[in-house]
Structure formats: structure tokens, C-alpha cells
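Only one structure is covered here, and it is reproduced in the block below.
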Amino acid sequence: MLRMLHIKYRLLLWGILCFFSVIAQPQGKILDTIPIIYRSDDVLKISTLASTVPAFVLTPDRIKDLGALDLGDAIEYVPGVQLKDYGGIGGIKTVSYRSLNANHTTIIQDGNVIPNTQNGVINLSSFSLIGAKSIVFSTGENVEEQTTASAYLQANSISLNSRLNSKPRKLAMNLYSTVNTVNAYEHGALFQVPLKRFFVGAEGVYRHGSGEYDFRYPIAGLDEVQRRQNAALSEYRLRATTGFQGNKHKITLSGAYRNNAQELPGAVVLYNPSNDQELWNEDLAIRANHLFKANNWKVHTHASFQENYTRYYDPGFLNVEGFIDNEYKQKISVGGFLINRVIPKSRTEVFLGGDLLNAELESSELSAKPNRFQLNSVLGFGQRLFKHHLHLKGNVSAQMIEDDFVRNDLPDQQSYIRFSPFVSVSYLPFKSERFRVRAFYKRTFRMPTFNDLYYNFIGNYELDPEEANLFNVGLTFGKKWGRMTVELSADTYYNKVWNKIVAIPTKDIFNWSMQNIGLSDAKGVDLAALIQLKFEKVQFILNTSQSFNQTLDKTKPNGVTYNHQLPYTPTYSGNYGVAVIWKKFRFTSNLLHNGSRYSLNENIYANYLPDFTDWNVGLARSFELKKDFKAAVDFKVMNLLNVNYEIVRSFPMPGRYYQLTLRLER
Amino acid sequence: MKNYLIGIFIALFCLTACKKDPPKPPAPDAYSNGVLVLNEGLFQQNNSSISWYSKGESKSFQQVFLTENERGLGDTANDFELYEINGKKYIIVAVDVSSQLEIIEAATLKSVAQIPVFDGTEAREPREIVVVGQVACVANFDGSVAIVDLVNNQITAYWEAGLNPDGIAHYGNDLFVVNSGGLNSPDYDSTLSVFDLETQSFKGNITTAINCSQVQITEEGQLYLLSRGNYSDVDPSLQRLDVTKEAIEVEQVFDLPISSFEIHNNWLYYHNTDLKAICRINLDGEDMPEAGAFIDVSEFETFYGIQIDPLTGDIYCFDARGYVNSAIVKCYSKEGNFKYEFTAALNPAKLIFLP
């Protein structure tokens, strides 16, 4: 009886998950007049202590220490982040932060927001970290220097800043090759050339392998090890950026291309090993940016175009043809500006920006043929008072959407307008101590995507945007005593979400549809700490983050799951990292602990997923070569304790495996 | 200050949260005087399960297959049937997405055989079962019928029926397989495939309404068949065929907002989705639907099925509560009065009544 539901659910799942893009774009980043306190605060750049909102930075060293190969691997170490990882090399990774799902997080690459109107979710595993200069996670407001109006809309943002986007001092090169003993291989190359005031650079990454790995699945009652199959992947990504960097102007032009062919390992179904679905992606993006900066004015204009093609094929489907073959083609064009004016005398900053976006989606699965015209705008200010001791920030952003679509063979139209206010404050009570108190409030909206509204049978034209209200109060502290440097941040939050967009069966089990249903309350504390000890010959870096989260379902006061903890939301998660640097060796240990969770809303034994610990240790050695070249060998043991675990139910993760990386850099 | 900070850091390092994990469900003492519930679970979550309701203790036990066998039943179990071989009672379970037939002892729920149902590496997906003597006929979603020898627990033959069979029943030596074509939407199938169990041969197809699923045949040879329509402009209906005749055809069509039914004691009880009630048809030959509601089920969040205990006449209705929460099974007397209710698991498909 569940069968029809399953087909629709499967289609929906793929509609939602299949479409991901890797896009690249350039964006000018020019040093701003940063107040002295701000700069000296970020001793190690683990968290941005001066920020009025929680913001965390991952440096290239930290990324290497984690053995992270993609954005998802790295971002799961940010306190408050829950990574949804389906496992395997081609596996989808999405992120939720403080119980706000992936649709509330914006991905920004080199200052440009990566749009996805089809489903609103970006797959974090499709971003490689080869040329990463930094990854910045923030909630409330995007803290990057250079940004666009669209970056101010969502609750959370992940900024990936790459080396290709700025002029190198000399010819730069980077080659690497990684072997994972779960049959996953990755090779990358990057080069960048300065040409007087111009620069040009490119990077390429090739990922491949059968992706097969062994796992134990005790619910199958078998003691023997099983093998994850149908996981092969062959993907390459290319990105090139050229630019001009002058005193007042910076212009960049970049292009990115991704081609991915993979098998989909799918859920591990008990006693049924057959799994033969496949997925293809082809993504193209071209982006142009211009930044003008002089006399306390900063003007950023940008234009971009992206095209995403997805094909999903299931050869084992029991219809007359015996297969499902779906294609999706999305095209998005964006253009916009952001003007920023600093008034040094009164320590005031004001900014105004607007982006126009046009998106269309073609697929037999969305016969409504939707076309979206969207205007995103922002108006904001920053004010420093009492000699920088008090920092006030605020903005109002607006999303105006107009969709053209086909309904019962007739053209139809609908629109949304939503305003999001944001206010924040940070206060530095002492003159000599880098101790701060901060707080923010933001109201945000997750707009319905094309899939939510127009997916055949499931989509619902009547949807309202999902609304979230975020409150945060926190402390940060940073200090240096001789050999020791300490950074601490502690934030407590309250998020209330209503009109959640979820798929539920409506008229009967055969008719699932997207609905605005659900109300949840999230309360929690995120703590992060870092200690660096520097001796003459040896250096220690210790860090930890701890997250406590209670997110209760408040949908129906008499419902069976009222006041139950939301699915996939552990009440506790934490991680511990140690890095020891001695001569040319670097020893690292990173342990991630995720508390127990439930796979469905009801907090009962049948839905229980136990806690797990994922511990990685590694040893790296670097070598100085001639002509400024540097080589490194990096060996890591992943999941040292060989723990069997699932992050997502029915998607078992690999046991212990090894990772070897060779690097050559200049 | 410095030492204090180090203290905080160490405290953070050692911090662990107190957990309140749900306890493992207990096992009942015996499987007698109660009701077994087969729960489908959810697609790709490997959470099909069996619940047990003990009438003596007025208490339900969850996950009893897992408890007795220390492994999961599988994914999307769709049907189970009780039968007897050499005086011993067994249950055969069709686990659709796992593509397995599970043979378990009725007294202990211990598995005695697990029969894979594959065509090479392709899952056939067993869905609906009818037991005829020492043979089980299983309609598979790939369009085949598996013939299972219940003495040796082996599949002896596969017969070809139509598209995505979703119901199976027999009358004498005739086996009727309901072809839904559900996965071929919007071009649904509209046939019954008929086989002769004695000669093991295909007899022919009978044309019906589109997308049929549930089927039951009365002792007098009247076959009742539910069509689900196409969920848009073709409404569900109930059809009657007389299988005692030489040329079998649809003789009567009831245009009713019906989602499931059960025949007991010359009455057909069905769920009326408009009235949100159980209504009845008296099968006295004229088959006139009775006016009004027999049992009001409007307070059900998600009506999911009806079944009647053939011995007591008690009527059981399933509330799947949004399909993602533990279901409630409500029991009514044959007069339609509420008796009791108990909790099952996700999406109950069927009950077996054990004395």
C-alpha cells in the first residue's frame, strides 16, 4: 500500500537531492580600514572574536589537520553545526545549524552567493578545498568584507575564499594527490601567475574511485562485514580566474565547469543488495566582478550566469519501460551592486545593495515550467561608539519574488515579499582586555523553492515562506600571555521556527504534498575554546567545541510528538582537536562526538540512532625544496576506533580507513 | 586568571552530556490470546516490525520480531498469513523492498526460513500472499507470482501476471491476481490474471476498472475488488464479479468514496473517506449500501485499514497518525461500539489473531 508513496517519495528525494551545483566565481577582496582591536583580536583566527555575531574561521592549516577533502568535512567542526552525511565519495553532504535546516544556509564563494532556486540546498561535498584561503561560518550576518545584497537574506552563511581570487606575490603552484583506502582518490592542481597589475590562475580537481567500503550493520543480524557497492564516481572540476588589481579598482572574471558521473549507493536495504541508480551533473558558471574603492567609498558590482544539468537514472523501476530517467536543467542569471560608505569622523558605516535574479527550470517532473524573477535588497548601517567599545550594527533586507508558471495549461503568476530585520551589538567593557559581550536578533525567511511549489503532484502552489526568528547572546575572550594564547567564545541562543515547509501525506497516503506545517523551538549553548602554546622547538594547539541543543516539536499541543526532540538533532555534540608541531612534523588528533538522535519525530526506541565517536589521527612531514618549493607527506588514520555508525538512517559510514596525501607547493 | 582559564578549558574537555536513552522494549511471555500486527514501516528505513497485543495483559509489545530474532524484519513488509503444516502453526511474511519471504513459527516468532525472491540480482518485491493448502501464492510487484512449497520452504515456480500486482485471492482451484500498474501511472493496468492451481496454467485476463488493489471473495463466489482510481479525475470504486460463472466479468460497480474494506458474515464493511466512517453493505444479493455511518472514525488522524476477527466479529481499525508516528489500533464490537485500543508501530498493514 505504501508503494505509490514510495515512488513519489523517491522522486521527491531525488528532486530535492539530485540537483547540486559547484560554481565558482571571483570577487574582489581588498583590505579595509580595520580598527586596531579587530585586527589584533584574531590571533589565531579560530573564531572572529570581534564580530557581533558568532563567526568561526577555518584556516588552510586547520583544514589540512582535519584531513578534510571537501567543504562538508571541514564545516562539521564548527560548534552548532550538524552535518548530514550520506557517506561515500559521491555522497551528499548538507548542513544544519542550531536546528535550522540546509535551506537556511547560504554558500558564498569569493563574495558571490551561489544560488539554487530548484531546491535551495547546496551539496557541500561538491566544493574542493585545494585553493581555499579560508572558510568562514557565521550566523545572523555575513561577516565578510566584500559581499552582495543576497548574502544578507539567510540566517547562516558559509564563505569559501580562494587563492585564485587575489593577486599572488609570485608565481604560485599547488599539486596534490590523495589516496583513501575506501577506494576514493583525488588529485588536484593549481597555478597562479602575476602579470604586472593583472593576474591569471586556474585550478582543477579530479575525483574518482569505486567508492566501495566495508561496514558492519548489526540490525541485519550478520556478524560478517558487508560491502557498500554501487558507489563509483568520476568527477572533474575546473576553475579559472583572471583579474586586474589596481589602486582603486579590482576586476575579476572567472569561469567554472564541473562534470560528474556517479553511481548512487542509496540506502542500505536489509537483505536486498541490488542498487543500480546513477546520477550525472554538468554545471557551468561565469562570473564577473568589479570593485571600486577610494575615499571611504566601496562599490561592488557583479554579474553572473550559471547553468546546471542533472540526470537521474534508475534502471530497476518496475514500470512498463523498466526504468526512470529524469532530467533537470536550471539556468540562473544574477546581477547587482553594493555601495558602502564609511564616515570616519563619526565612525559610521552605511551600505545599500540590490541584486536581480532570474531563474528558470526545465524538467518533465515540473510541468509548471517555472520562471522566477527575484529582487534582493539590503539597507544597513554600522556604528562604533565610545572609541570602538560599542559596536552597533543593523540592516533590513527584502526579498521580492515573482514566479511565472503554467497551471492547468494556462499561464499563472504569484509573488512573495518578505522583509528581514537584523540588529546586533557588541560591547568591550574593559580597556585592556579583549573581552566582549555580544547579542543579535534576526528574522529570516526560507522562500519556497521550485521543487516545493511546482514539483509534479508533490509541489504546492499555496506555500508560505518558512519563518525563523533568531536570538543570540554571547561572550568572547582572547588573551596572550607570553607563550600562551587563549581564545574563548560562548553563545547561547533561542530560535523559533514556524510555517516549516515539509512533505507530508495529505488526502491519503498516495498524495504527498509540501505543506507549511510545524513549529519548533530551539534552545542551546555553543562553546568554543582554543589554547596555543608556543615553545622554542614545539608548538601545541588545543581546541574544543561543545554544543548543547534542545529543539522541541511544538506543532500540535495534543499530538503524539509534542515536546519531542526533533529528528537528527543530538542534544549534545562536541569535538576535541590537538595539533603538535615539532620541527617539520605535525601530529594531529581530532575527535568528533555526536550524541544520540532519533530518525523520526517520535522519540521512541524504534527511531533511536545511538551516539558515535569519530576519531582521526595524523602525522605530516614537510620538506623545503629548492626555488621556494615545499613538499609534504600527510598520513592519517580515519575513524581510528573503527566505530560502526550512521549519520543518516540506512546510510552506514565506513569503519577505520587510511588517507595518504602528497603535496607540492610554491 | 590564567589558571582559571586553563581550568575552564579542561572542564570543557571533559564535558559530557547526560543521556536519557529509551529502554529496549521487553518481550512478552507467550504469543497466545492476542493480536499480531505487521507494520510496514517507512521506505528505505529498514523499520518494518511486528507488534504484539496481549489481550490478557491489555498491553502491547513492540519490535517483537527484532527481540526474538536479534535482527530486523527488513524494509516495507506488506502482508503476512497464518497457516498450519503437520499440526504446527507458521506465519509467512512478504517483505517487499527487502524482497524476502520470512517463515516464522507462530508460537515463538522465531524465523525458520528466509527465502530471497530475486530475478537474478533484480528484486521481485513480494507483496500479497494467499495460502492454499501447503502452498503459498505470492504476488510480486515485478509482475510475477511465486509458488512456495511450505513443506520445504522453497519457491517451486514463478508465473507471469500483469503489471505491479497488488492483490491475490483464490476460489476453489482458481487463483486471481489483481494487476494495479501502480508504478506505470498514469497508464494503470486494469486486469485480473486468472490461473488454474490444479493444472498450474494461465486461464486468461478479466478486464476491470483501473488501478485495482484489495480483493476478497465470499464463500458464494462473489469477488469484491477495490479500484483506487487515478487520484485525480477517476474516483475510487468497488466492483463485484461472480467467479462461479463460466464467463467472468464485472457485474456491479459501486461508486463509493472507499479506501479499504473487509467482508464478514454477509456484510461488507468499508471506510468511507467522505463520511470519515465505517459503512456497510449487506451482501444479501441486492448489495445495497446501508445509509449512514456504522462506526464514526472522524477522530482518526490517518485512517489506514480495517480488519475483522473472524471468530469474535470484533472490528479493528488502524490510525497511522500521519504515517510517521506509532499507529493506534482501535477495536470495536460487532455492534460498532468502541472496546479498547492499543499502540502498534509505523503503518500497520495487517493483523493475525492468535487464540
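None of the figures in this text is laboratory data; all of them are computed from the coordinates on show. Predicted, not measured: the structure shown is a model, and the values here were computed from it. With ideal geometry, Cβ positions are generated from the backbone for all residues, glycine too; neighbour counts draw on all protein chains shown.
When the Cα atoms of the range A:401-490 are enclosed in a convex hull and the volume is divided per residue, what value in Å³ results?
Each residue corresponds to 138 Å³ of Cα convex hull volume.
For a quick check of your reading of the filter: which GluC sites (Glu not before Pro) in the range A:418-516 sit in a DSSP loop and have no more than 13 other Cβ atoms within 10 Å? Please report the intermediate quantities before stating the final value.
Details: sites: A:433, A:462, A:466, A:467, A:487; in loops: A:433, A:462.
Those satisfying the criteria are A:433, A:462.
Under a crude label model (7 Å from the Cα following the beta-carbon direction), how far is residue A:423 from residue A:369 in nanometres?
The two pseudo-label positions are separated by 4.8 nm.
Can you give me the Cα centroid spacing of the range A:263-292 and the range B:134-199 in angstrom?
Distance between centres, Cα-based: 38 Å.
Express the relative contact order of the range B:244-355 as a whole percentage, based on alpha carbon pairs under 8 Å and six or more residues apart in sequence.
That works out to 15 percent.
Please order A:164, A:542 by the number of other Cβ within 10 Å, starting at the fewest. Before the final figure, lay out the partial values.
On the way: A:164 28, A:542 19.
Neighbour counts put them in this order, fewest first: A:542, A:164.
Counting other Cβ atoms within 10 Å, which GluC sites (Glu not before Pro) in the range A:172-265 have at most 13 and lie in a DSSP loop? Walk me through the intermediate numbers first.
On the way: sites: A:186, A:203, A:212, A:224, A:235, A:263; in loops: A:212, A:224.
The qualifying sites are A:224.
Write down the Å³ per residue value for the convex hull defined by the alpha carbon atoms of the range A:276-405.
On the way: hull volume 18.5 nm³, N = 130.
Enclosed volume per residue, from the Cα hull, is 142 Å³.
Mind listing the Cα extents of the range B:40-167 along all three principal axes, in Å, largest one first?
Projected onto the principal axes, the Cα atoms of the range B:40-167 cover 46, 36, 24 Å.
If you line up the Cα atoms of the range A:110-157 on their principal axes, what length do they span on each, largest first, in Å?
29, 28, 16
Taking N as the number of residues in the range A:66-120, what value does Rg over Cα atoms divided by 2.2 N^0.38 Å take?
Values: Rg = 11.7 Å, N = 55, 2.2 N^0.38 = 10.1 Å.
For the range A:66-120, the normalised Cα radius of gyration is 1.16.
Taking the Cα atoms of the range B:211-264, report the difference between the largest and smallest coordinate on each principal axis, in whole Å and largest first.
Principal axes ranked by extent give 34, 25, 15 Å for the Cα atoms.
Could you grab the relative contact order for the range A:301-423? Cα pairs under 8 Å, six or more apart, rounded to a whole percent.
Over the range A:301-423, the number comes to 17 percent.
Mind checking which aspartates and glutamates have their C-alpha under 13 Å from residue B:203, skipping anything on the same chain fewer than 8 residues away?
Leaving aside aspartates and glutamates fewer than 8 places away in the same chain, those within reach of residue B:203 are B:160, B:174, B:246.
Across every pair of different alpha-carbon atoms, what Kirkwood hydrodynamic radius in Å does the range B:181-281 reach? Mind showing how you got there, number by number?
On the way: mean 1/r = 0.0691 Å⁻¹.
Result for the range B:181-281 stands at 14.5 Å.
Taking neighbour Cβ counts within 10 Å as the exposure measure, how do A:138, A:150, A:622 sort from fewest upward? All intermediate terms of the calculation are to be shown ahead of the outcome.
Numbers: A:138 25, A:150 28, A:622 16.
Ascending Cβ contact count within 10 Å gives the list A:622, A:138, A:150.
Do the sum for chain A: with -39,500 (n - 2.57) for every DSSP H run of n ≥ 4, divided by all residues, what is the mean residue ellipticity at 222 nm, to the nearest 500 deg cm²/dmol?
Numbers: 5 runs with 38 residues, N = 666.
That comes out to -1500 deg cm²/dmol.
Please report the base-10 log of the normalised intensity I(q)/I(0) for chain A, using a Debye sum with one equal scatterer per alpha carbon and no solvent, at each q in 0.08, 0.11 (1/Å).
For the requested q values the scattering log ratios are -0.59, -1.21.
What do you get for the angle between helix B:2-14 and the principal long axis of chain B? Use alpha-carbon atoms, 0 to 90 degrees, nearest ten.
That works out to roughly 30 degrees.
Consider all pairwise Cα distances in chain B and report the whole-number % of them above 29 Å. Numbers along the way, then the final one.
Values: 26751 of 62835 pairs.
So the portion of pairs separated by more than 29 Å is 43 percent.
Per 5 Å bin, what percent of the C-alpha pairs of the range A:305-353 does each bin hold, from zero upward?
5, 13, 12, 9, 9, 7, 7, 8, 6, 6, 6, 5, 4, 2, 1
In bins 5 Å wide, starting from 0, what share of all Cα pairs of the range B:111-214 does each bin hold, as a percent?
All Cα pairs considered, the percentages come to 3, 14, 24, 24, 19, 10, 4, 1, 0.
In the range A:596-638, if every C-alpha pair distance is counted and binned at 5 Å from zero, what percent goes to each bin?
Reading the bins upward from 0: 6, 16, 13, 9, 8, 9, 9, 7, 7, 7, 6, 3, 1.
Taking the Cα centre of chain A as origin, sum charge times position over the Cβ atoms of Lys and Arg (+1) and Asp and Glu (-1), and report the length of that vector in debye to the nearest 20.
That gives chain A a dipole magnitude of about 3560 debye.
Relative contact order of chain A, please, whole-number percent, based on alpha carbon pairs below 8 angstrom and at least 6 residues apart. Could you put the intermediate results ahead of the total?
Values: 1913 pairs, mean separation 78.2, N = 666.
Rounded, it is 12 percent for chain A.
How many percent of the alpha carbon pairs in the range A:366-448 exceed a separation of 21 Å? Don't skip to the answer; put the middle values down first.
Details: 1784 of 3403 pairs.
Cα-Cα pairs of the range A:366-448 separated by over 21 Å account for 52 percent.
How big is the Rg/Rh ratio for the range B:71-117, C-alpha atoms only, Rh by Kirkwood, two decimals?
On the way: Rg = 10.4 Å, Rh = 10.7 Å.
Here Rg/Rh amounts to 0.97.
Multiply the residue separation of residue A:341 and residue A:358 by 0.36 nm, subtract the distance between their alpha-carbon atoms, and state the gained length in nm to one decimal. Mind showing how you got there, number by number?
On the way: separation 17, 0.36 × 17 = 6.12 nm, distance 2.83 nm.
In short, 3.3 nm is gained.
Is the shape of the range B:271-350 best called rounded, prolate or oblate, per the rule: a/c under 1.5 gives rounded, else a/b larger than b/c gives prolate, else oblate, with a ≥ b ≥ c the square roots of the Cα gyration tensor eigenvalues? The partial results should precede the final answer.
Details: a/c = 2.12, a/b = 1.57, b/c = 1.35.
Verdict is prolate for the range B:271-350.
Mind grabbing the base-10 log of I(q)/I(0) for the range A:431-562 at q = 0.09, 0.11, 0.18, 0.19 Å⁻¹? Debye formula, identical points on the C-alpha positions, no solvent, two decimal places.
-0.48, -0.62, -1.02, -1.08
Quick one: Debye curve from the C-alpha atoms of the range A:81-222, no solvent, what's log10 I(q)/I(0) at q = 0.20 Å⁻¹?
Once normalised to I(0) and log-transformed, intensities are -1.24.
Quick check on the range A:507-666: what does the Kirkwood estimate of hydrodynamic radius come out to from the alpha carbon pairs, in Å?
On the way: mean 1/r = 0.0519 Å⁻¹.
Mean inverse Cα-Cα distance, inverted, gives 19.3 Å.
Between the range A:447-497 and the range B:292-355, what is the C-alpha centre distance in whole Å?
The two parts, judged by their Cα centres, are 42 Å apart.
Select from A:545, A:577, A:592 the residue farthest towards the positive end of the dipole of the range A:523-666; place +1 on Cβ of Lys and Arg, -1 on Cβ of Asp and Glu, and compute about the Cα centre.
It is A:577, whose Cα lies furthest towards the positive end.
For A:512, A:582, A:280, B:267, what ranking results if the residue with the fewest other Cβ atoms within 10 Å of its Cβ goes first?
Numbers: A:512 21, A:582 12, A:280 15, B:267 18.
Listing A:512, A:582, A:280, B:267 from fewest to most nearby Cβ atoms yields A:582, A:280, B:267, A:512.
Which of the trypsin sites (Lys or Arg not before Pro) across the range A:114-190 are loop residues per DSSP, with 16 or fewer other Cβ within 10 Å?
Working: sites: A:133, A:163, A:169, A:170; in loops: A:169, A:170.
Filter output for the range A:114-190: A:169, A:170.
Which value in Å does the Kirkwood hydrodynamic radius of the range B:108-163 take, with 1/r averaged over all unlike C-alpha pairs and then inverted? Please report the intermediate quantities before stating the final value.
Working: mean 1/r = 0.0849 Å⁻¹.
Result for the range B:108-163 stands at 11.8 Å.
Work out Dmax and Rg for the range A:234-338 from the C-alpha atoms and quote the Rg first, both in angstrom.
21.3, 69
Rounded, prolate or oblate: which fits the range A:195-269 when a ≥ b ≥ c are the square roots of the eigenvalues of the alpha-carbon gyration tensor, with rounded for a/c under 1.5 and prolate only if a/b beats b/c? Kindly include the intermediate steps, with their values, before the conclusion.
Numbers: a/c = 4.89, a/b = 3.98, b/c = 1.23.
Here the range A:195-269 falls in the prolate category.
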